[in-house]
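Structure first, commentary second.
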Amino acid sequence: MTHDAVIYDLDGTLVRLAVDWDTVTSDVATVLRDRNVDPKNRDLWEMLTLSSDTGHRDAVEAAITDHERTGAHDSDRLPLADGLPHSVPVGVCSLNAEEACHLALEVHNLDTYVGSVVGRDTVGSSKPDPEGLLTIAEEIGVDPEATVFVGDSKSDATAAQRAGMAFEWASDFDQARYRA
């Protein structure tokens with residue numbers, strides 16, 4: 001089946017950001033400790049939530065985004081990126097910061113093929129919440145039911161299901177039907 005639009009996850013789908021997530025986690029824990037917040041043994045995404053709860057989200061976002069920006073500059077282009085452009089509108093919905101998404105797309109000359117980009121900091125929620133996917137569908141003017149989301153995680157699959165979109169794993173996605 002061909003859909004009226006394709007939305008991709010970014011990291012692990014179109015590109016692989018060169019980010020050492022263990023270092024990011026350590027840096028975020030330091031940011032919180034410097035603000036008298038004990039990160040305990042939380043993972044990165046739990047610390048991001050904690051930063052919102054304690055009023056330090058901006059500082060934590062800045063630390064993560066700094067790593068993602070650097071990682072976008074040094075990112076690797078993945079095979080699905082070579083299948084662009086498409087004959088249908090394309091968007092990107094990512095857990096990465098919107099700025100890093102745009103930068104990675106520019107680095108790999110994909111930015112002209114993507115109509116709408118939503119990162120974790122673009123809307124009020126992040127995947128698996130469907131808000132980002134629904135925002136893209138609205139921006140590119142397609143019905144969610146006529147859209148496929150292509151990703152590489154269970155969170156991506158859950159977000160698509162919650163948005164009423166089809167989902168395909170990046171490893172299985174046949175782009176030939178969408179070639180421009």
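The values are calculated or read from the model by the stated rules, or taken from the named source; none is laboratory data. Model, not experiment: these values are computed from the prediction. For neighbour counting, all protein chains shown are included, and Cβ atoms are generated from backbone atoms with ideal geometry for every residue, glycine included.
Once region 16-57 is narrowed to residues that are closer than 30 Å to Leu110 by Cβ and of a type in the set (Lys, Arg), the residue that is surrounded by the fewest Cβ atoms within 10 Å (Cβ to Cβ) is Arg57. Out of Asp74, Asp121, Asp111, Asp82, report the one residue that is acidic (Asp, Glu) and in contact (Cβ under 8 Å) with a residue 60 or more places away in the chain. Criteria check complete, one pass: Asp121. Candidates Glu139, Glu168: the one that is modelled with pLDDT of 95 or more and surrounded by fewer than 15 Cβ atoms within 10 Å (Cβ to Cβ) is Glu139.
The condition of being in the same structural domain as Lys127 (by TED's automatic domain parsing), closer than 24 Å to Ala146 by Cβ, surrounded by fewer than 19 Cβ atoms within 10 Å (Cβ to Cβ) and not acidic (Asp, Glu) holds for only one of Ser94, Ser87, that being Ser87. For residues in region 123-136 being buried (at least 20 other Cβ atoms within 10 Å of the Cβ) and not in a helix (DSSP H, G or I), which is farthest from the chain's Cα centre (by Cα)? Out of the qualifying residues, it is Pro130. If only residues of region 2-15 that are under 16 Å from Asn96 (Cα atoms) and out of contact with any Asp or Glu (no Cβ under 7 Å at 6 or more places or on another chain) are counted, the one that is surrounded by the most Cβ atoms within 10 Å (Cβ to Cβ) is Ile7.
Remark: pairs (first residue in region 39-61, free of Cβ contacts under 8 Å to residues at least 24 places away in the same chain; second residue of a type in the set (S, T, N, Q); Cβ separation under 6 Å; 6+ apart in sequence or on different chains) = Leu44/Thr25; Arg57/Ser51.
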